[in-house]
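First up is the structure itself, then whatever we jot down about it.
The values are calculated or read from the model by the stated rules, or taken from the named source; none is laboratory data. Small disclaimer: the values here were computed from a predicted structure and weren't measured. No Cβ is skipped: glycine too gets one built from the backbone with ideal geometry, and neighbour counts run over all protein chains shown. Keep in mind that these areas ignore ligands, DNA and RNA; they rest on the heavy atoms of the full protein, side chains included. Shrake-Rupley method; radii C 1.70, N 1.55, O 1.52, S 1.80 Å.
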Amino acid sequence: MVKHKEKNLEDQNPSEVEGKMGESTKKKTKKKKKETHTVTMETIAENPNNIAPIVGYFSSGYDPLTNNNDGVEELSTKLYRNAKRNNRLQLVVSPNGSQVDFVGTNYSGEATSAQLCTYSLGILDKETQTLKIVPIAANKIIRLEPRVRGLEVQETEDPDTAKQELTAEERNDKMRELTQKYTSKKSIRQARKLDSLRQQEDTGNQEEFDRNIAGAINKEALEVAVATDSARNIPPHDLDATIPQLAYPLDRIISKGEWDFLLDIFELTEAGAEMTPDLYPSFVCNRSYKLEHIQDEDEKKRLAGIFSFITHLVKFKDKHSMDGVSSAKHHKFPGILSQKFTSMFSISDSKRLPEEKVTLLINYVLVLTLFADDFRSDPSDISKDLRINAVALRPFYEYLGCKLVREKNVVLATLPVPLVFPSVRRKRRR
């Protein structure tokens, strides 16, 4: 048996110890030395005409640098782009002489998870002392999965296709379940009211349904509205009214069952939040201060409901026009109002409002602005919301029976009673 005798530092010669420690410190200092460069950094923006660098990784542990004797294995790389959706990419890496392909996409699997950062690729050129930073394709690091060539792989369904296959009843059932589970009690009550208004199949509840519909829809208002549309293309009105508030009855414009779905601005005001111009028309934002000075809660809800109805009408016009689609892209319409507007303004298959229905919508908005301004309304801000010149908006007021007056260099629209409509001018024929 061989015994190994350890030698302590105390038994060693001090010079030997110092020499060994000096050698170790030299090695450490050599490791700490790093190469430094003073470079000029340049950020390159993404060019739609050129494909950006693609970054991917092999999830299976495959390493092309160690699978060949020469140190580097030859790879064939192909990139496919969806013909209909240009932002969808598929990367295929094929090692030469192998029946296995490594495939990854930027729209399925790991790429669909939440991403909280932005990826870029840095290229350092030591000769020119420049560092170029370029964005990578689709801002995704593609996960490459091995697939045997020739075998079909069943991919997961596109969520958009799955949504299209759902029927309207199934979609309503799912929305009802989500509402019951995750929303507030107030939203649940509103959803139940809306369900009761739409419920028509159950014959046992037909009487209750009729009462709800009768409370939500004013039949007389509908009759007058239909007659008015065919006659003057304006909201329901009363020629015998003696005060401006009754010239265009508000309960014939906003039905009783619709007020419960117009509380968004009232709730914002109660919470102390501000209304931003990107979500609400400038007419509403410039008059939100009026709600703060109203003490009566019913009166405050009434004015806030008028503001909300104006907002939905303006956004509905933007949604179905060429120049305002972006402003109404994320706007949410209550279901009962969406159905009412679609039937009232006759949306065609082209999703564009007919010219006469655009005029009708503008007339509805102008009448509600008169209510909001106590029948002395400045048309400057609502003209911007409707994307119409203020001067071009004056004939609309006159057609509604309004009179334009000038006070302190400001033109105001007023509503004298009883209503007197201008006569329709027709061209004389020879």
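Annotations
- Label separation (ARG88 vs GLU35): 4.4 nm, computed from points 7 Å beyond Cα along the C-beta direction.
- Principal axis box of segment 367-417, alpha-carbon based, largest edge first, Å: 29, 23, 19
- Computed over the alpha-carbon atoms, segment 38-147 gives an Rg to Rh ratio of 1.01, Rh here being the Kirkwood radius from the mean inverse distance.
- Chain lengthening between GLN339 and THR183 when straightened (0.36 nm per residue, less Cα-Cα): 53.9 nm
- Within the accessible area of segment 294-348, the carbon and sulfur atoms contribute 50%, probe 1.4 Å, all protein chains present.
- Solvent-accessible area per residue for segment 76-140 (1.4 angstrom probe, square angstrom): 64 Å²
- Per-residue packing, averaged as other Cβ atoms within 10 Å, sorts the ranges 110-119, 297-306, 414-423 into the order 297-306, 414-423, 110-119, beginning with the highest.
- Computed with every protein chain present, the accessible area of LYS351 is close to 120 Å² [probe 1.4 Å].
- For segment 260-358, the Cβ-based charge dipole about the Cα centre amounts to some 440 debye (Lys, Arg positive; Asp, Glu negative; other atoms uncharged).
- Normalised per residue, the accessible area of segment 232-329 is 48 Å², obtained with a 1.4 Å probe and no contribution from ligands, DNA or RNA.
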